[in-house]
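Student: Following this message is one structure expressed as structure tokens.
Just so it is clear, none of the values below were taken in a lab; they were calculated from the coordinates. The shown structure was predicted, so the numbers you read here are calculated from the model rather than taken from an experiment. When we count neighbours, we look across all protein chains shown, and the Cβ atoms used for this are built from the backbone with ideal geometry, even at glycine.
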Amino acid sequence: MEKIIKYDKNPILSKGKKRWENLCVLNPAVVYDNESQEFKMLYRAAGNDREHYIYLGLATSKDGFNFKRFSSKPVLAPSLEGVDGGCCEDPRLVKMGSYYYLCYASRTFPPGQYWREDKGYFGFKPEEGPAFVVNNTSFTNLAVSKDLIHWKKLGRITDSRLDDRDAFIFPEKVNGKYVLLTRPMEMIGKEFGTDTPAMWISFSDDLMEWNNRKLLLKGTEWWEDKKVGGSTPPIKTKYGWFTLYHGVSTKDDNYRVGALILDLNDPSKIIAKTKDFLMEPEYPYETEGFYAGCVFPTGTVVKDGILYIYYGCGDQYIGVATCNFDNLLEDLMKEAKL
């Protein structure tokens, strides 16, 4: 399989000086803007506050490796009076026409510094009511922008009764329908066809209401036997829709990375799936951190035949890895075709 090479100067983005990002940056969405000839990155960030409010910042790069922060302020922040009052996190980004569409996970209240035993609770807790309020679980929202700076939040696109994230839409319609991949944690058991959290696919006429949800992928290998989830918005290729996904192992709780190719006309059909992982935690910036043992891709760019993979490292930094995209696709079709 084509080797994926991690950048030797990783991490490419670390915590900043401002209060809203002086603890960690991670899990970025990245696109290439042909007009400005820049890589543009939306990144998740948090400051060292006990509540752990989570924001999205913007950074740009000419070469895909050296990023500069666009502003000293976040471009998307929790709306304290709204359902995303605790966090805007884990962005996945596509461009359709002249607009960018952003999927992001939210919570009503900040989650606290979740890796700490004394993380705390920072919201009210009614005895009854919406599950996402009572349990402060996350779901996925959609926002739209023309410039990645000014955003309009459109509301939730996944079931608020489920902890449903790792969600992204396809960059174009397929057979007249928008397509969404998600990972609902609670949809497990005999009636769902999977014993562990899995990837599901659904379709929509308007990007907001999603129907015909189908099981797409469940973990079958040792490194994905705890759960799997979508990682990066699909890239259209001659073979099919290419996308990365992550798997978590019961052996060590590490996050590793695999790849899928989905049928161009029926993306609920998997054409190819990696048996062995393509990436795993190796270096201190990946094996240490607030989640020790995590490589978590959330954005890809193809430029001049090179696939750039942008990923969160240990829930603390951002890294990038690259490979020859055509070679990777050919290897997938030779070695991983189903």
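Student: Of the listed peptides 45-51, 55-61, what is their order by residue-averaged count of other C-beta atoms within 10 Å, with the highest listed first?
Tutor: 55-61, 45-51
Student: With each run of n ≥ 4 DSSP H residues scored as -39500 (n - 2.57), what mean residue ellipticity at 222 nm is computed for the chain after dividing by its residue count and rounding to the nearest 500 deg cm²/dmol?
Tutor: Calculated from helices alone, the mean residue ellipticity at 222 nm is -1500 deg cm²/dmol.
Student: Here's another thing I want to ask about it. Let me know the charge dipole size of the range 5-335 about its Cα centre in debye, to the nearest 20, where only the beta-carbon of Lys, Arg (+1) and Asp, Glu (-1) is charged.
Tutor: For this selection, approximately 700 debye.
Student: Moving on to the next point. Roughly how many nanometres apart are two label points built 7 Å out from the Cα toward the Cβ at Glu335 and Asn265?
Tutor: 3.0 nm
Student: Using Cα centres only, tell me the gap between the range 154-198 and the range 59-79 in whole Å.
Tutor: Rounded to whole Å, the Cα centres lie 28 Å apart.
Student: Picking from Arg44, Arg19, Arg156, which is most flexible by a Gaussian network model of the chain using Cα springs under 10 Å?
Tutor: Comparing Arg44, Arg19, Arg156 in the GNM, the peak value goes to Arg19.
Student: On to the next question. Could you work out the relative contact order of the chain? I mean the mean sequence separation of Cα pairs under 8 Å and 6+ apart, divided by the number of residues, in percent.
Tutor: 16 percent
Student: Can you order the peptides 278-290, 313-325 by their average number of other Cβ atoms within 10 Å per residue, highest first?
Tutor: The most tightly packed comes first, giving 313-325, 278-290.
Student: Computed from the coordinates I sent, Rg/Rh (Cα atoms, Kirkwood Rh) equals one of [x] 0.93; [y] 0.97; [z] 1.01. Tell me the label.
Tutor: [x]
Student: Would you mind putting 20-27, 209-216, 304-311, 136-143 in packing order, based on average other-beta-carbon counts within 10 Å, highest first?
Tutor: Those peptides, ordered most packed to least, come out 20-27, 136-143, 304-311, 209-216.
Student: With unit charges on the beta carbons (Lys and Arg positive, Asp and Glu negative) and the dipole taken about the Cα centre of the chain, which residue among Cys24, Asn254, Leu328 sits farthest to the positive side?
Tutor: Cys24
Student: OK, next. Need the full-extension length gain, Met96 to Arg19, defined as separation in residues times 0.36 nm minus the C-alpha distance. One decimal, nm.
Tutor: Gain on stretching Met96 to Arg19: 24.4 nm.
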